[in-house]
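All remarks here apply to the structure that follows.
Every number in this text was worked out from the coordinates using simple rules, so none of it is lab data. Computed from a predicted model, the values in this text were never measured in an experiment. Counting neighbours? That spans all protein chains shown, and the Cβs are built from the backbone with ideal geometry, glycine included.
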């Protein structure tokens, strides 16, 4: 029996394609990159859009 895990979209078409539709719900994700590459903006956009579209709750933790 295979469990089907819901997917949360990133709302970035190319990234969703690479990730097979998005990020598995309940996952812990580390987003890393050089300064100024819009990492925080990407995460906040994803959280906002998933909350708006599906009522999902998210937690953002910054280690800066």
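Report the label-to-label distance for residue 40 and residue 58 in nanometres (one decimal), using points 7 Å from each Cα along the Cα→Cβ vector.
The two pseudo-label positions are separated by 1.5 nm.
Above 15 Å lies some portion of the pair distances; for the chain, what is it as a whole percent of all C-alpha pairs? Please report the intermediate quantities before stating the final value.
Numbers: 1119 of 2016 pairs.
Cα-Cα pairs of the chain separated by over 15 Å account for 56 percent.
Only helical DSSP H runs with n ≥ 4 go in: add -39500 (n - 2.57) per run for the chain, normalise by residue count and round the 222 nm mean residue ellipticity to 500 deg cm²/dmol. Could you put the intermediate results ahead of the total?
Numbers: 2 runs with 22 residues, N = 64.
Here the helix-only value at 222 nm equals -10500 deg cm²/dmol.
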